[in-house]
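Encoded as structure tokens, the structure appears first; notes follow it.
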Amino acid sequence: MSRTQDDTWDVSAGVGETALGIAHIRAIESTRQDAAFIDPYARVLFDAVNSPSWSTMANAGVSAGGAGLAAYVVARTKYFDDYLMDSVDSLGIRQVVTLAAGLDSRPYRLAWPTDTMLFEIDQPTILDFKETTLRHAGIQSMADYRQVGQDLRSDWAGALLANGFDTQRPTAWLVEGLLPYLKPRDQDALFATIVGLSAPGSRVAVDDFGHTDIPWFRSATTSTGNLERSSYGVDLGESSSGVAGLMYLDESRRPASEWFAAHDWQVSGVRVREAVSTVNRSVPREDELGLFDNLLFTAHGA
């Protein structure tokens, strides 16, 4: 499947399939005795997709993308969980926006103050699937949870405002696992919109893909993808139908941290390899470059 400027997807195809892979990793992590986090709904969402190839892979106890990607996702999830809870508990922020939310169950599993207004933006089919699945399972959010079904390459700001977003309130923004699926110009436009909508006291957390060793990443995802494709029928490699093939890997991408710093936001963060060590996971030798040089960071305006 190739990308077009106005392409769409659901949870079982195209870019949406990445959400399924992340849910799979979070479900496996939640079964560990030393789990960095507990996501009780990841498996509910994963099973509801009812994909034979993904189910075969899950039943074999294999993490999507291999041990390296699993360690990355676990560390990233914990980092952003802590960021969000710090935003509401320590800073008193009561407006939260997650961009490209996928099958993230944070609206349901984190301990939100009941007066928190929580927005998730993604393709309508993705959000509808998640909400319907969890509602049928009797699961509800403690927050004032609002779904915004909108493509992030279109006027998502207008849709967010129409759903009750208040530009006068400080906001905690989350940009997780999104950037490689945007062209560099769309990435920069997204950041400009975030800054434009942010009241004083707002902050953002970002999974910064701009530090990735692209030649290494292309080789690693192709190798892992070929194995998963042949063994389970799950395609995360860089074939014409592979999920990694849907990323914009060949275009120059400015690191997100540099963009925010250039726009006078104060940036602080950690390399993924450091975050992985914090949750007591090891970086596999084959993954000592590439993804693990990425930056997980927070930034705040004036």
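The values are calculated or read from the model by the stated rules, or taken from the named source; none is laboratory data. These numbers were taken from a predicted model, which means no experiment stands behind them. With ideal geometry, Cβ positions are generated from the backbone for all residues, glycine too; neighbour counts draw on all protein chains shown.
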Residues within region 6-38 that are modelled with pLDDT under 90, in a loop (DSSP other than H, G, I, E, B), in contact with a helix residue (DSSP H, G or I) (Cβ under 9 Å, 6 or more places away or on another chain) and of a type outside the set (Val, Ile, Thr), tallied: 4
Matching residues, region 154-182, being surrounded by 16 or more Cβ atoms within 10 Å (Cβ to Cβ) and more than 16 Å from the chain's Cα centre (by Cα): Trp156, Ala157, Ala159, Leu160, Phe165, Pro170, Thr171
Residues within region 92-147 that are of a type in the set (Asp, Glu), surrounded by fewer than 17 Cβ atoms within 10 Å (Cβ to Cβ) and part of a helix (DSSP H, G or I), tallied: 1
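Residue-by-condition table, conditions (1) among the aliphatic types (A, V, I, L, M); (2) closer than 21 Å to Thr77 by Cα; (3) modelled with pLDDT of 90 or more:
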site	(1), (2), (3)
Asp144	no, no, yes
Gln150	no, no, yes
Gln168	no, no, yes
Ala189	yes, no, yes
Arg203	no, yes, yes
Phe217	no, yes, no
Qualifying position, being over 29 Å from Leu84 (Cα atoms), buried (at least 22 other Cβ atoms within 10 Å of the Cβ), modelled with pLDDT under 80 and of a type outside the set (Lys, Arg), among Gly245, Gly233, Gly237, Gly290: Gly237
Every pair of residues 6+ apart whose Cβ atoms lie under 7 Å, when the first sits in region 190-209 and is more than 17 Å from Ala275 (Cβ to Cβ) while the second is part of a loop (DSSP other than H, G, I, E, B) and of a type in the set (Lys, Arg): Ala199/Arg169
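For every residue, the table says whether it meets (1) modelled with pLDDT of 60 or more; (2) of a type in the set (Gly, Ala, Ser); (3) in a helix (DSSP H, G or I); (4) surrounded by fewer than 23 Cβ atoms within 10 Å (Cβ to Cβ).
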residue	(1), (2), (3), (4)
Pro40	yes, no, no, yes
Phe46	yes, no, yes, no
Val62	no, no, no, yes
Ala67	yes, yes, yes, yes
Ala71	yes, yes, yes, no
Ala75	yes, yes, yes, no
Lys78	yes, no, yes, yes
Asp81	yes, no, yes, yes
Leu84	yes, no, yes, yes
Identity of the residue in region 262-272, of a type outside the set (Gly, Ala, Ser) and buried (at least 18 other Cβ atoms within 10 Å of the Cβ), that ends up farthest from Ala35 (Cα to Cα): Trp265
